[in-house]
Each structure stands twice: as C-alpha cells, then as structure tokens.
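Asks: I have a structure I would like to understand better, so I am pasting it below and will then ask my questions one at a time.
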Amino acid sequence: ENVQYYEALFVKFKPGMADQAWEAIYDHFVNVDKKIGHKVRAYDLQTGEWDLVVFFPIDGPDNFSWSTSPQDEKWWAAFAELEGGADKAQEIFKKYLEAVADSKEELAHRHLEIDQE
C-alpha cells in the first residue's frame, strides 16, 4: 500500500561504445517513453562497476514473472510504430545491445507517503 515499484536496470557499456548506446537512448528510447507516458528516471553512475542505472515504473513484483510483461509489449508496440516498423525498431535495439558489456535488473520500490517531489 502506498508503494511504487520499479525495475532498476544497471548497465555497463563496452569501452568506446557509450556514444552508440546514448544515441539509441536519446534519439529513440526516450521518445517511446514519452509516447506511452512512462516516467523513467535515469542516473549516470560516477563510481562503481556500472555506467548507468534506469528506474522504470512497473505495476508490481509480478512484472518479473512474465517472459514479456504487458508493459514491455506496450513499449515495443510504440517503439515499432515510432520507428516505422518492427524490423527498424529491432535494428536500433540491436545497435544499442552491441554497445552493452553487461546489465542486470533488480526490483526496487519507494514509499509514496515520504516522497518529497
């Protein structure tokens, strides 16, 4: 009750490939999130093994029990629409993945009653 759940995605880019990843993120992925009203929060990490952590709002812990969640399906449908088809969207996502050395997902939450925003 009064909790918002998030998928926390930690990403490590391959050396020299960060620009390729950022291009996909800023030129494509951000537009998809805006289109579907997905309020994503991303942070560049200055210490530790990860380069980036992104918090995606999810409906709850059950989101992790799906092989592809309904939220992910909605995102992919909007991505394909914005890019002019599923093949073009997959091509862009492939270029992003080529720049990623490692990633992991964690479940996070925040208590809304103490949120100061």
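The values are calculated or read from the model by the stated rules, or taken from the named source; none is laboratory data. Treat the numbers as computed from the prediction; the structure is a model and nothing was measured. Using ideal geometry, Cβ is built from the backbone for each residue, glycine included, and neighbour counts are taken over all protein chains shown. For accessibility, only protein heavy atoms count, side chains too; no ligands or nucleic acids. Shrake-Rupley method; radii C 1.70, N 1.55, O 1.52, S 1.80 Å.
Asks: Calculated FRET efficiency, E113 and S69, Cβ-Cβ r, R0 25 Å, to nearest 0.05? Mind dumping the intermediate values first?
Replies: Details: r = 26 Å, r/R0 = 1.06.
Computed FRET efficiency for E113 and S69: 0.40.
Asks: Quick check on the chain: helices-only [θ] at 222 nm, where DSSP H runs of length 4 and up contribute -39,500 (n - 2.57) each and the sum goes over total residues. Nearest 500, please.
Replies: So the calculated ellipticity at 222 nm is -10500 deg cm²/dmol.
Asks: Another one. As an exercise, use a Förster radius of 25 Å and the Cβ-Cβ distance of H38 and D62 to find the FRET efficiency, rounded to the nearest 0.05.
Replies: Calculated value: 0.90.
Asks: Add +1 for every Lys or Arg and -1 for every Asp or Glu among the other residues with Cβ under 15 Å from the Cβ of H28, and state the total.
Replies: Charge balance in the 15 Å sphere: -4.
Asks: Go ahead and run the numbers for FRET between S103 and E1, Cβ-Cβ distance against an R0 of 25 Å, rounding to 0.05.
Replies: E between S103 and E1, to the nearest 0.05, is 0.20.
Asks: Write down the accessible area per residue of segment 10-110 in Å², having rolled a 1.4 Å probe over the full set of protein chains.
Replies: Value for segment 10-110: 66 Å² per residue.
Asks: For the chain, give the percent of accessible area contributed by carbon and sulfur heavy atoms, probe 1.4 Å, rounded to a whole number.
Replies: 49 percent
Asks: Between P57, P70, P15, where does the largest GNM mean-square fluctuation fall for the chain, given springs only between Cα atoms within less than 10 Å?
Replies: Most flexible of the set in this elastic network: P15.
Asks: Quick one: net charge of V100's neighbours, Cβ under 12 Å, K/R +1, D/E -1?
Replies: +2
Asks: If I compute Kirkwood radius over Cα pairs in Å from the structure I just sent, which labelled value in (1) 14.2; (2) 15.3; (3) 18.9 lines up?
Replies: (2)
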